[in-house]
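Novice: Would you mind keeping the following structure in view while I ask a few things?
The values are calculated or read from the model by the stated rules, or taken from the named source; none is laboratory data. Since this is a predicted model, take the numbers as computed values, not measurements. Cβ placement follows ideal geometry from the backbone for every residue including glycine, while neighbour counts extend to all protein chains displayed.
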C-alpha cells in the first residue's frame, strides 16, 4: 500500500485501475540508416499493428457508442493504410536514409499541412486526424504504450497535469477519478472534475514513473488521499462507502421534478453550467430548469482555427432546441488568462489574468466577436437563448457591445437572414462592475456574478497558484458584500441577478444567497438537486 | 475507358466517411477507378487524395473506369455513387 495526499476538488470516493498519462513522449529523432529495406519493413509491421489496434477500437466503439461515433476509427484505419501516405513514408526513408519514426513524423506533418491549408473547416479539422494516426504509428514504432481513452475500461487517471482541452476530450463515462501532480483546486481541470461529478485530487506529490498502469487505486476525495494497492480491508471499506454514495445519489433523484421553493414559499431558479453541447444530457438528467452558463470557449479550444459561424450556429441552435423553451444563457468567448488558444496569437503577457482576454479581445477584434454574435442571433430564433458578456468593467463597454450587436442585426436584416435579438446580460466578475452595478443595471437585462474571478480580483489572489490556496477564502466578507451590492442594484433597476461561479454551488452559502434575494444560482449539473434539497428544507 | 459525370448530392460532400465508403467499394474491383474534379484527380482507392480534392455538395465530378471488367464495374460504381454520394 502506497499512500499520497493532495488537495481534493470533489468530495467523493472511487476505486479502480490506474491509467498513467505520461506526456513525456520520447522525442522523434532523425537517425542515419543504411539498411533502408529493413526500415521500410518496420513501417509495414507498424501499419499492420495500427490497423489491428484501430479495428479493435472500432469494434468496441460500435458496441458501446454506435456506428456513427465508431466510424472515426474506420476512417483512421483507412488513413493509416492509405497508399499515398505509406508511399510517402517509404520514399522519405529511401531517399533520405532516415529511420521510420522520423519519416512518419515528416510525412504526417506534410499530409496534415495539406489538410490544414484547405478552405473548408471540416477538412481543416481532419489535419488533427492525420496527426493522431501518425502519432499512433510513431508510438508503435517506438514501442510506447498507447493510452487510448476510447478503448479504456473505467479507470483512475493519473497525470502530471491536464489541460482543459485534454480533460474535455476524455469520455466522461470512462473516468472514475483524476489524480494530478500539479494543478490547483481552482484550475479549469478541477472545475471540470467537479462538473463531471467525479473524485479528483490535485497537487499530489508522487513519482509518475513509479506507478504502473493497471495498479488498483483508491481515490478518497473526502480525506484528500490516493492509495495504490489498497489492502483487502480497505477495499471492502471503500466499496461500502461507494454504495452509500450511490444511495445518496438515488435520494437526490427523488427530488427531480420538484420546485426550488422554501417552506415559506420563496423561489429561486437553479440552473446548470455547461461547457459542451453534449453536457445538455447532464442538465436534463439533473432536472435543471435552465442553463445559466454555457461556456462558449470550448468551441474554440482544442482546434487549429476559429470555429465558423455555421459551426457555432449549429452548436447554439442544438442546445437551444434540446432545452426546449428553457433558458440557455450563452457566454461569449472567454479566451485568454489560463485558457490559451494558439491561433488567437495572444502573445505572452506578464499578467494574463489582468490582460487581454474575454470581452477585451471581442472589442478589439470585432470580427471574431461579430462571427459569434451572428451565430447567436440566428440561433436565438430556435429557443430561449440569452447572451452574456464576460469581464465587463464599464458602461462604455456595454454601450459599445450594443452598437456592435445592432450592426450585426442590421447586416442580417439586409441579407434577409432570420434572427432575434435575445435578452442580454453581463457577468459581474470585476470589482469595477460591482461598484458600477447601479449604472450597469440600467443598460442590461440581467447580471450573473462570476464568483471565481470576482474573488480572485477582489482578494488579489491568483487562482492557478496552488501556493495560495491557504489564503483563498471563498467566503471572504468582501466578496459576499460585493454579491449583495450587485444584487440590490440589479433589483433597484428591475432586472434579475444570479450567480454562475463556483460559490453558487457552495451549500454552506445557499441559505444566505436565498436571503440576499438572488434570483438564480447556476451550478454544475451534479449540484442542481443537492441545492434543491437545501432550498426545500429552508424556512 | 468508360466514364460518367455525377453531381454530388451528399450534403457534406466527399468527406471522410463517404470517402471511406468509396475507398472500400473501389477496392472490390480490378478496374482502375479515378475521380476527377476540374484539374484535380484521385484514384478512388486513395482516401487522403480523395479527401484532399475537397469535393463539396453540388460539385460535378467525372468518374473514369479503366481496365478489368469495365462494363460491370461501370454499372455498379455508378449505382454506388447514386446511392451513397
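Rundown of residues vs (1) surrounded by fewer than 19 Cβ atoms within 10 Å (Cβ to Cβ); (2) modelled with pLDDT of 75 or more; (3) assigned to a helix (DSSP H, G or I); (4) within 14 Å of another protein chain (Cβ to nearest Cβ), yes/no style:
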position	(1), (2), (3), (4)
A:136	no, yes, yes, no
A:144	yes, no, no, no
A:167	no, no, yes, no
A:184	no, no, no, no
A:189	no, no, yes, no
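Novice: With respect to residue A:54, is the statement that it is touching a helix residue (DSSP H, G or I) at 6+ places or on another chain (Cβ under 7 Å), within 14 Å of chain B (Cβ to nearest Cβ), more than 17 Å from residue B:49 (Cα to Cα) and surrounded by 15 or more Cβ atoms within 10 Å (Cβ to Cβ) true?
Specialist: For residue A:54, the condition - touching a helix residue (DSSP H, G or I) at 6+ places or on another chain (Cβ under 7 Å), within 14 Å of chain B (Cβ to nearest Cβ), more than 17 Å from residue B:49 (Cα to Cα) and surrounded by 15 or more Cβ atoms within 10 Å (Cβ to Cβ) - is met.
Novice: Considering only region A:288-309, I want to know if a residue exists there that is more than 30 Å from residue A:126 (Cα to Cα), in contact (Cβ under 8 Å) with a residue 12 or more places away in the chain and not in a strand (DSSP E or B).
Specialist: Looking through region A:288-309, at least one residue is more than 30 Å from residue A:126 (Cα to Cα), in contact (Cβ under 8 Å) with a residue 12 or more places away in the chain and not in a strand (DSSP E or B).
Novice: Another one. Just one of A:395, A:434 is assigned by the TED database to the domain that holds residue A:354 and surrounded by 16 or more Cβ atoms within 10 Å (Cβ to Cβ); which is it?
Specialist: One residue alone meets the criteria, A:434.
Okay, residues lined up against (1) exposed (fewer than 14 other Cβ atoms within 10 Å of the Cβ); (2) modelled with pLDDT of 85 or more:
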{"position": "A:61", "(1), (2)": "no, no"}
{"position": "A:64", "(1), (2)": "no, no"}
{"position": "A:67", "(1), (2)": "yes, no"}
{"position": "A:77", "(1), (2)": "no, yes"}
{"position": "A:87", "(1), (2)": "yes, yes"}
{"position": "A:103", "(1), (2)": "no, yes"}
{"position": "A:113", "(1), (2)": "yes, yes"}
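Novice: Among the strands (runs of 3 or more DSSP E) lying completely within region B:5-85, list those that include at least 2 residues that are within 14 Å of chain A (Cβ to nearest Cβ).
Specialist: By residue number, B:32-37, B:40-43.
Condition check ((1) modelled with pLDDT of 85 or more; (2) surrounded by 18 or more Cβ atoms within 10 Å (Cβ to Cβ); (3) assigned by the TED database to the domain that holds residue A:527) across all residues:
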| residue | (1), (2), (3) |
| --- | --- |
| A:233 | yes, no, no |
| A:251 | no, no, no |
| A:264 | yes, no, yes |
| A:269 | yes, no, yes |
| A:273 | yes, yes, yes |
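Novice: Right, here's the next one. Being touching a residue at least 60 places away in the same chain (Cβ under 8 Å) and assigned to a helix (DSSP H, G or I) narrows it down to one of A:412, A:376, A:454, A:440, so name that one.
Specialist: Only one candidate passes the filter, namely A:376.
Novice: Then there's this: Applying the selection to region A:77-111, what residues are within 13 Å of residue A:50 (Cβ to Cβ) and facing chain B (nearest Cβ under 9 Å)?
Specialist: Answer for region A:77-111, where residues must be within 13 Å of residue A:50 (Cβ to Cβ) and facing chain B (nearest Cβ under 9 Å): A:77, A:78, A:79, A:81, A:82, A:85.
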